[in-house]
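Engineer: Handing you this structure, nothing more for now.
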Amino acid sequence: MHPTIEKIQTVIASGDHTAIAPLLAADVTFLPPTYWKTWNGRDAVAAVLGHVGQVFTDFRYRRVMGAGNDWALEFQCRIGAFDAVGVDLITLGDDGLIACFEVVMRPQKSIGALRDAMNARVMKDPAFLKFKDALS
């Protein structure tokens, strides 16, 4: 397994954006499951993923599939009262850093709970507010 994929499994659940950032390419793109918007850049994506790691509870990866630069990491978690299952679709660049990170999830109630929890958190986080324009 690629070292970046091994490491991301540990740091996503931690919610530590400072541990996530070094795994991301400077121009990384992130496609969230909650709306049709792409986040761009290491700082913004690390901030989003840091908050996600704090919103999810009982998070664990169930399966990891892939090779080379293309990986799918299936996870399960809870978001408040809701169970969720999802897949992190990760593309690594030739430098081994995450170039693209896309998340797909189900069921819809869980995604709504994630959106609400994330909005409540990030709009109160002074470090995150500089990325607020990305929400528009």
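The values are calculated or read from the model by the stated rules, or taken from the named source; none is laboratory data. Here the structure is a predicted model, which is why all the values come from computation and not from measurement. Note that each Cβ is placed from the backbone with ideal geometry, even for glycine, and that neighbours are counted across all protein chains shown.
Engineer: Count, please, the residues in region 44-87 that happen to be closer than 22 Å to Glu6 by Cβ and small (Gly, Ala, Ser).
Structural biologist: 8
Here is a yes/no grid of residues against (1) under 21 Å from Ala117 (Cβ atoms); (2) modelled with pLDDT of 95 or more:
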residue	(1), (2)
Gly15	yes, no
Leu24	no, yes
Phe30	yes, no
Trp36	yes, no
Arg42	no, no
Gly66	no, yes
Asn69	no, yes
Ile79	yes, no
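Engineer: Here's something else I'd like to know. When region 63-74 is examined, which residues are found to be without any contact (Cβ under 8 Å) to a residue 40 or more places away in the chain, among the hydrophobic types (A, V, I, L, M, F, W, C) and touching a strand residue (DSSP E or B) at 6+ places or on another chain (Cβ under 6 Å)?
Structural biologist: Met65, Ala72, listed by residue number.
Engineer: Any residue that is crowded, with 19+ Cβ neighbours inside 10 Å and in contact (Cβ under 8 Å) with a residue 40 or more places away in the chain - is there at least one of those in region 90-97?
Structural biologist: Yes, some residue in region 90-97 is crowded, with 19+ Cβ neighbours inside 10 Å and in contact (Cβ under 8 Å) with a residue 40 or more places away in the chain.
Engineer: Of all residues in region 81-92, which are modelled with pLDDT under 95 and charged (D, E, K, R)?
Structural biologist: Asp83
Engineer: If you don't mind, another one. Of the residues that sit in region 28-81 and are touching a His at 6+ places or on another chain (Cβ under 9 Å) and assigned to a loop (DSSP other than H, G, I, E, B), which one is surrounded by the fewest Cβ atoms within 10 Å (Cβ to Cβ)?
Structural biologist: Gly68
Engineer: Filter region 98-116 down to residues that are of a type in the set (Val, Ile, Thr) and buried (at least 16 other Cβ atoms within 10 Å of the Cβ) and give me whichever is farthest from Ala26 (Cα to Cα).
Structural biologist: Ile111
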